[in-house]
Amino acid sequence: MLTVGINASPLAAPRTGVGRYITGLLDALERIADPDIRCHALFAPGAAIRSPTGIAARAFAFARSAVKRLPAAYALADAARAAVLVSEQRRGMTVYHETNHAAPPFSGPVVVTVHDLSTIIVPETEEPARVRHFAPALRMHTRRATRVITPTEAIATQVVERLGVARDRVRVIPYGVSSRFGPDGPVASPVPGRYVLYVGALGPRKGVDTLLQAWRAVPQALRRDHALVLVGPLHRIDPAHLEDAVLLGYVRDDELPPLLRGAAAFCYPSRYEGFGLPLLEALACGAVSVASDDPALVEVAGGCALHFARGDAEALAAALARALLDQDLRRELTRKGPERAAQFTWERMAAAHLAAYREAGR
């Protein structure tokens, strides 16, 4: 039997993209259990994995946050995880799956998921300590990995061209979308009247500054009838710059679908993206969606969203106005979005991961 250890440590933090990926993977692996492959989560207490808002999760997240503030925090974390992997290997673990870019030392086969290359391609949008650790670690660990998983063809191309990984070792496995995201169900009203919604970290890489600038350029009549609602944690951005928007902060997974269904339009203006899970979830809910022309977002949307040139506030303002006013377009995108999203399931993703584990463990 093949025994695979999966890095679940990001589940201790608020569940943004990487955490949602790991949650979807672990849950789907349980549902499609393979008798020849045993998978188990590493580096996070089981209670934290099962209940992301429970006491265990909060305590583990607090400890993790405190450690990350220490000098050489990433090196200390790698050393601690490497020690755990030695122990796990003695107990029979045959393959290690690093779910978050940079794997600690492990003498057996390693599968690495590379969600994006932001620390290499857009380092100015990331925390300096994160860039110093992940940029060289990505280059080193992906070349050593038995298999490298990426969520899109766009990132696979970058892994080959920027990191020098042989294409035959790369597997493109798109994320899935939970069944709770669909056009039917409750609708939320976070503000009186209609609203345009953004979901994601409120930071420079996500293009929130472009969105705010574009919103000021949207015709006044539309701004009078619509609020701009931002969902997500603040990340290297001054809250004073967000005065034109309604801030909801971090929202739990189960609270997102009603917000997406209720939105007059969804906007995802990211400057650089590896996949764009919020966009896929918006499509699944039938939200009329506007996204940048980042290659990964264009790939995921598959012709079911309006796109604009990254960083072009004037083009985004025009796209938002069209998304709110063009009724024929709205009907088309509302119909096509859920059809597109139905092609992405966590079960399909988990099955492809099992295939990658088998290849690595040969």
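The values are calculated or read from the model by the stated rules, or taken from the named source; none is laboratory data. Predicted model, so just to flag it, every value in this text is computed and none were measured. When we count neighbours, we look across all protein chains shown, and the Cβ atoms used for this are built from the backbone with ideal geometry, even at glycine. Heavy atoms of the whole protein, side chains included, go into the accessibility calculation; ligands, DNA and RNA do not. Shrake-Rupley method; radii C 1.70, N 1.55, O 1.52, S 1.80 Å.
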About its Cα centre, how strong a charge dipole does the range 88-193 have in debye, to the nearest 20, once Lys and Arg get +1 and Asp and Glu get -1 at the Cβ?
-> 540 debye
With an 8 Å cut-off on Cα pairs and a minimum separation of 6 or more residues, tell me the relative contact order of the range 206-362 in percent.
-> 23 percent
Over its alpha-carbon atoms, the range 240-362 yields an Rg and a Dmax in Å of 16.3, 56
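Please report the relative contact order for the chain, taking Cα pairs under 8 Å with a sequence separation of at least 6, and give it as a percent rounded to a whole number.
Relative contact order for the chain comes out at 17 percent.
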Please give, to one decimal in nm, the separation of the simple spin-label points placed at Ser179 and Ala342, each 7 Å out from Cα toward the Cβ.
-> 1.4 nm
Which whole-number percentage describes the relative contact order of the range 249-314, with Cα contacts under 8 Å and a sequence gap of 6 or more?
-> 31 percent
Give the residue from Gly311, Ala301, Leu333 lying farthest towards the positive end of the charge dipole for the range 287-333; charges sit on Cβ (+1 for Lys and Arg, -1 for Asp and Glu) and the dipole is referred to the Cα centre.
-> Leu333
In the chain, with Lys and Arg counted as +1 and Asp and Glu as -1 at Cβ, which of these residues, Thr157, Pro105, Gly203, has the Cα nearest the positive end of the dipole, that is, farthest along it?
-> Pro105
Would you check the accessible area of Arg139, probe 1.4 Å, heavy atoms only, in square angstrom rounded to 10?
-> 90 Å²
Local net charge near Arg81, Cβ-Cβ under 11 Å (Lys/Arg +1, Asp/Glu -1) = -3
Show that you can apply the helix-only estimate: for the chain, add -39,500 (n - 2.57) for every DSSP H stretch of four or more residues, divide by all residues, and state [θ] at 222 nm to the nearest 500.
-> -14000 deg cm²/dmol
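Assign unit charges at the C-beta atoms only (+1 for Lys and Arg, -1 for Asp and Glu), then state the dipole size of the chain relative to its Cα centre in Debye, rounded to the nearest 20.
Charge dipole of the chain: 880 debye, to the nearest 20.
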Going by the alpha-carbon gyration tensor, a ≥ b ≥ c the square roots of its eigenvalues, is the range 84-132 rounded (a/c under 1.5) or, if a/c is not under 1.5, prolate (a/b greater than b/c) versus oblate?
-> prolate
Orientation-averaged projected area, Cα convex hull of the range 68-189 (nm²) = 11.0 nm²
In the chain the accessible area split gives carbon plus sulfur, as whole percent at 1.4 Å, a share of 54 percent
Multiply the residue gap between Gln220 and Ala351 by 0.36 nm, knock off their C-alpha separation, and tell me the result in nm, one decimal place.
-> 42.3 nm
Student exercise, the range 228-352 dipole from Lys, Arg, Asp, Glu Cβ charges, in Debye to nearest 20 = 280 debye
Within the set of other residues whose C-beta is less than 15 Å from the C-beta of Ala103, count the net charge using Lys and Arg as +1 and Asp and Glu as -1.
-> +3
Nearest 10, in degrees from 0 to 90: the angle of helix 55-68 to the longest Cα principal axis of the chain is 80 degrees
